[in-house]
Amino acid sequence: MPVVHPPRRSALRTAAVALAVTATVGAALAIPAQAASTLKDLSTAAGKDIGFALDPNRLSESAYKSIADSEFTLVVAENAMKWDATEPSQNSFSYGSGDQVASYAASTGKKLYGHTLVWHSQLPGWVNNLSGTALESAMTNHVTNVATHFKGKVVAWDVVNEAFDDNGGRRSDSPFQQKLGNGYIETAFRAARAADPTAKLCINDYNTDAVNSKSTAIYNLVKDFKARGVPIDCVGFQSHLIIGQVPSTMQQNLQRFADLGVDVRITELDIRMQTPADATKLATQAADYKKVFQICLAVSRCQGVTIWGITDKYSWVPGVFSGQGAALVWDDGYAKKPAYDAIASAFGGITPTTPPVTPTTPPVTPTTPPVTPTTPPVGGCQVTYGVNQWNTGFTANVVVKNTSSTAINGWTLTFSFPAGQAVTQAWSSVTTQSGSTVTVKNAAWNGSIPAGGSQQFGFNGSHSGTNPAPSAFSLNGTACSVA
């Protein structure tokens, strides 16, 4: 689990490289000219959280605080809510730093995500000296006290963190696993639910982004918990990634957990590279950040993405991975890296709260045509249509779910506006309109919808004062139900 380490890069060097690649990657990311929104605005319009890991001691830095205030909707404590910070001596609780994080979240209108109640690392020595019933009692007492203290403030908790080995077995170096066995995870979740019935309860781990032995072991645990009524609401995927290595099965993996009836989150995203960072590496990093956000946008139960920090200046990566760093979205000098615009591009790169600016030049014709539909849905589809509107404009976010038993390879959604509305700009799709009829084809990268899976797109539109939602949708010629 990441901890904060001193910086190891030159702020001037990193900032210079970031400036050098801005022109190189700008065209590829296709950010619209009116993309003046913050990531906070864009994620809010998309109905997703964008979070960051906070060290409250950094809030005295004006650049750090300015970015924290303006760019994020959710905050998680880097270290201030871990066991060594909250219960350094047995049954003697200390919430000073954790309360600072909670107060910051409340004062800035951000959601607060709790991290973490039970983890084998960053434990005070007295915990490791306990065994048997004494350890189980101490664990239950810790979960109960900490969750109760932050009750009503935390939207979700990482209840148990990093409980599995990469081979899918239980983590053998955890004192909880060694001394309490497999049952400690269930005990912790039940204690957390009793202490705070409204917070969502998550299990969180790393190297679980792909479909692999470790993620499958957690999948089986969640499936078992759901079947037996053990309280579990969400799964966190840390996503400490390396450039060029976003797993090809990441969306499929998140979707299979969502299909169990739990939320999913990217909880600790950073994408590291060999340093020094050059233009090619930064462009690859930007594309990878975009890809991860697109994956979350494509899974309806993905609650959002949290980036593990703000600036490379304070990243944990170089202290752990020799020769690697530059893993975050802002460089050592707080300059935006290409990853920032890439994330904005994933959200559509438009301002959701004000009417869109009328383009002065025609849109660029896509160079990659959408996948031609080859497999119609067998058994049905479902559409969820959500709107955020203002005077004469609106932003629509649409989720298309394949409720059939057959995967869809290429899709076309059609619907009609009932009150003369017009699409002005769309993203994650190729959208055209003729009269009241709107035709939406998948983009080149999101044409596949597995059985039970979903894809999401959005658009800006205009209206003349009334903006009723379309009442009927058709996917590849088959009528869909409306959620």
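The values are calculated or read from the model by the stated rules, or taken from the named source; none is laboratory data. Since we're looking at a predicted model, the values are computed, not measured. Heads up, the Cβs are rebuilt from the backbone with ideal geometry, glycines too, and the neighbour counts pull from every protein chain shown. Quick note on the areas: whole protein, heavy atoms, side chains included, nothing else; ligands and nucleic acids left out. Shrake-Rupley method; radii C 1.70, N 1.55, O 1.52, S 1.80 Å.
Computed over protein heavy atoms with a 1.4 Å probe, the accessible surface of segment 40-145 works out to 35 Å² per residue.
Accessible area per residue was computed with a 1.4 Å probe on protein heavy atoms; residue 201 scores about 0 Å². The stretch between residue 405 and residue 108, if pulled fully straight at 0.36 nm per residue, gains 102.5 nm over its current Cα-Cα span.
Apolar share of the accessible surface for segment 96-157: 49 percent from carbon plus sulfur atoms, 1.4 Å probe. Cα centroid separation, segment 399-467 to segment 228-246: 28 Å.
Exposure check, 1.4 Å probe, all protein chains in place: residue 62 carries approximately 100 Å² of accessible surface. Under 13 Å from the Cα of residue 151, which aspartates and glutamates turn up, not counting those fewer than eight places away in the same chain? Straight-distance partners of residue 151: 99, 196. For segment 151-191, the Cβ-based charge dipole about the Cα centre amounts to some 320 debye (Lys, Arg positive; Asp, Glu negative; other atoms uncharged). The Cα atoms of segment 68-206 define a convex hull whose projected area, averaged across directions, is 8.2 nm².
Can you flag which of 214/281; 337/401; 223/401; 110/291; 153/291 are past 27 Å Cα-Cα?
Working: 214/281 29 Å; 337/401 34 Å; 223/401 22 Å; 110/291 25 Å; 153/291 31 Å.
Flagged as over cut-off: 214/281; 337/401; 153/291.
Residue 111 exposes around 90 Å² of accessible area when a 1.4 Å probe is run over every protein chain in place.
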